[in-house]
Amino acid sequence: MGAVTLPLDAKESEQEELQGLREQLVSVDHRFAPSILLETTDDQIHISGAIRTSSTFYTLNNEKQVEKLKSAKQHNDILQLHGIQVVGSSRQFLREYVFSIFQTKVLSVYRSKETSVWLSQSKKKQKVKKKTYVRVTDPDNDREIRRVQKIAVRALYATGLDYGMVTCGVGTSKKISIVQVDPSPKLNEDLERLFIKAVSDYRKRLRKSSTSVKTIMLGADPEFIMVTPKGSLIVASKYFPIQGKIGCDAAWLGDNRSHKPIVELRPDPTTDPLRLSVRVYQCLLHAAKKVQHVQCKWLAGALPYPKYPIGGHVHFSGIEPSFQLLRALDNYLALPLVVCEDPRGKDRRPKYGFLGDYRMQEHGGFEYRTPPSWLITPTLTKGVLVLSKIIAGNFEQLMYNPLSDAGIQKAYYDGNKAVLKEWIPDLWQDIKRLDDYEAYQNVVDEFFSFIQQGKTWDESLDLRKAWRLPPYHAKKR
Amino acid sequence: MANTDRSVEYRQIMSRAICGKGRKFCQVKHSIHPPDHIHHILGAWLINHNYESSKVGEAVEVRGTYDVNIWYSTKGNTKTDVMTETVHYAEKIPLTYYDRYTREGTVNVSTLCTQTPNCVAAKLSPHKDSISIKVEKEFVVELIGETKVTVAVFPHELGDWDDKDKEDFISEMAEEDEDDTFDDLDPDLVFDDLED
């Protein structure tokens with residue numbers, strides 16, 4: 001079964017629509033279509049005044065990506081590039097999970113029936129052939145499932161697909177590996193229904209107007225660390241509380257888990273990215289006053305201190321984290337940041353800073369976790385926050401997806417600036433085209449010209465210098 | 001001014017609350033002396049898990065035992081048998097959250113075994129003089145102790161609630177509402193008519 005073309009419009013009743021979709025999408029042997037193309041006419045693209053120029057919306061499971069996954073080697077290479085463990089030669093797991101996923105939504109979870117008895121390999125072989133799986137009805141209540149599920153979604157994203165079935169195994173020491181990402185899985189009746197419903201819902205969403213830029217709330221929790229003049233890490237929790245506007249990240253130092261070395265700023269969210277930048281500055285200023293008696297350097301970036309990678313997560317609410325939005329953020333925000341990062345920062349990836357890293361938040365929105373800590377300079381801070389807002393509000397109109405190419409992905413993870421830099425003019429130009437660009441022209445241009453000039457930041461410099469914070473502020477006379 | 005006049009009153013109450021939490025996943029190896037004439041290990045199963053826990057400093061120590069059952073073959077795989085050995089263990093579980101303001105001496109430890117000890121590998125040494133087995137288990141611990149909690153309370157007047165039936169109280173309130181003494185006062189009107 002090849003790609004299936006569907007009209008964007010569905011005029012029948014819901015039941016007829018689902019029945020129709022079933023006939024088109026599910027083959028006789030119960031396999032789901034490996035890719036779906038949604039056919040559009042020009043008027044539909046102009047829905048609600050906004051032009052949806054990005055073609056990625058109308059293709060679910062790009063055929064090229066589906067083709068690549070047919071080779072087991074390519075399948076595994078892609079996942080490994082993104083830092084995801086794949087199954088080795090022996091498939092020995094304590095438990096296996098099968099997830100049906102449509103973009104960021106997990107439709108169903110099945111778990112292999114586990115035995116608590118360890119049996120010698122020769123005995124096991126006869127059993128391995130027939131694995132039985134049981135559906136898990138409340139997957140969110142299980143800590144292990146939550147962990148595995150995250151990796152399954154990440155694997156689907158890494159392969160460039162939009163939907164599919166991901167099989168994962170949990171081995172000893174809680175090691176999670178991906179067994180397979182299948183774009184065209186064989187389904188039972190329940191799963192057929194779930195997948196069809198997901199496609200139908202997606203189609204409905206596309207017909208509706210896009211999210212309004214104005215209502216998107218933006219927040220952030222950039223991090224930095226403090227080191228002594230001799231270069232050792234300072235326990236930040238001595239000076240700052242764990243919670244609060246200036247708090248500490250959960251990571252700990254040494255054996256005592258209450259020693260938290262990473263300072264995290266938590267400015268109040270707002271719809272205005274420039275106001276958020278001001279709030280970040282206020283947090284920094286406040287923090288500077290609190291530790292002014294301590295001899296130290298403040299470091300931001302990606303990996304200013306070995307084994308303590310830090311991040312500059314951007315929080316969004318009022319918008320759903322679709323794969324298209326995450327891809328836009330990867331291409332237009334994470335990619336430029338790699339061009340100007342300190343070369344030492346590449347070791348943060350792929351454990352952190354992998355493409356499409358997001359996490360749902362209690363406030364109902366989500367945080368985009370790929371970028372490193374951009375507190376380095378005010379130009380970067382403003383640039384990142386403004387771009388986040390512009391991208392979130394206009395991602396449907398952004399045209400480029402350089403990171404769909406495996407070569408560019410590799411350059412991203414390796415920190416190969418020369419390859420990535422070639423894309424900067426195009427990305428910049430694409431942003432300039434947007435209506436929202438005008439309001440933030442200065443900030444965006446400053447950000448991109450910094451990158452265009454080939455400058456990189458130095459993670460070993462005290463960030464307070466760039467922000468002119470005490471003790472580096474201009475003294476009043 | 002009497003402090004009952006304040007709109008909200010705060011009281012400190014003594015309460016039992018979770019004042020510490022921790023979780024630990026452990027993987028350990030045990031070495032077991034094999035029976036004579038062992039030829040091959042066919043399977044391993046852990047049963048009869050028992051444990052106790054106590055607070056030690058700012059951590060929780062779990063001590064317990066389980067029986068390791070090993071199913072093995074002898075005499076060139078012509079006979080099988082099962083051996084059992086009881087294993088003792090002690091695990092220190094660090095607390096990710098600990099409230100130092102808890103009253104010492106009131107603390108109880110509640111321990112939940114989120115993964116019962118499970119054998120994930122068993123191996124016979126080349127000289128057949130020892131069996132090494134790998135066991136995984138996971139615990140979640142909570143410390144429950146007395147601590148002071150500050151709460152906002154309703155004013156004293158509502159303290160009479162338990163003297164009356166709830167229905168009485170509500171109907172009384174309703175009657176008061178229907179009191180027509182000030183019926184002729186339209187709040188909007190009065191406000192506009194006021195002069196400085």
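Here, each number is a calculation from the coordinates, and none is a lab measurement. Predicted model, so just to flag it, every value in this text is computed and none were measured. Positions of Cβ are generated from backbone atoms using ideal geometry, with glycine treated the same way; all protein chains shown enter the neighbour counts.
Numbers at a glance
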item	result
Exposure proxy order (Cβ contacts within 10 Å, fewest to most) of A:170, A:235	A:235, A:170
Region B:1-108: projected area of the alpha-carbon convex hull, averaged over directions, in nm²	10.9 nm²
Formal net charge of residues neighbouring residue A:61 (Cβ-Cβ distance under 14 Å; K, R +1; D, E -1)	+1
The protein assembly as shown - share of DSSP beta bridges that are antiparallel (%, nearest 5)	95 percent
Ascending count of other beta-carbon atoms within 10 Å, so fewest first, for A:320, A:459	A:320, A:459
Residue-by-residue Karplus 3J(HN,Hα) for region A:168-174, coefficients 6.51, -1.76, 1.60, Hz, glycine and proline x	10, x, 10, x, 5, 6, 6
Percent of Cα pairs exceeding the 20 Å cut-off, where the set is region A:67-182	40 percent
Label-point gap, in nm, between residue B:11 and residue A:271 - each point 7 angstrom along Cα→Cβ	4.4 nm
Nonlocal amide H pairs with residue A:358, under 5 Å, H built at 1.01 Å	A:369
Residue A:446/residue B:108 FRET efficiency (R0 60 Å; Cβ-Cβ; nearest 0.05)	0.55
Inter-centroid distance (Cα atoms) of region B:130-155 relative to region A:363-420, Å	40 Å
Computed magnitude of the charge dipole of the protein assembly as shown (debye, nearest 20; Cβ of K, R +1, Cβ of D, E -1)	6340 debye
Sites residue B:31 and residue A:70, calculated FRET efficiency, Cβ-Cβ separation with R0 45 Å, nearest 0.05	0.45
Peptide A:112-118, shielding by other chains (average Cβ, 10 Å cutoff)	5
Relative contact order of region A:358-470, pairs being alpha-carbon contacts under 8 Å that are 6 or more residues apart, as %	31 percent
Gain in span if fully extended, residue A:193 to residue A:419, counting 0.36 nm per residue against the direct Cα distance	77.0 nm
Descending semi-axes in whole angstrom, ellipsoid equivalent of region A:353-459, from the Cα gyration tensor	20, 19, 16
Global form of chain A, assessed from the alpha-carbon gyration tensor, a/c cut-off 1.5	oblate
Alpha-carbon centroids, region B:48-82 and region A:156-181: separation in whole Å	33 Å
Förster radius 25 Å - calculated FRET efficiency between residue A:17 and residue A:320 (Cβ-Cβ, nearest 0.05)	0.70
Percent of C-alpha pairs per 10 Å bin, region A:437-477, short to long	23, 32, 35, 10
Point-to-point label distance, residue B:54-residue A:95, nm (Cα→Cβ direction, 7 Å offset)	3.3 nm
Whole-number percent relative contact order across chain A, with pairs defined as alpha carbons under 8 Å at least 6 apart	15 percent
Relative contact order (%) - criterion: Cα under 8 Å, at least six apart; region: region A:250-373	26 percent
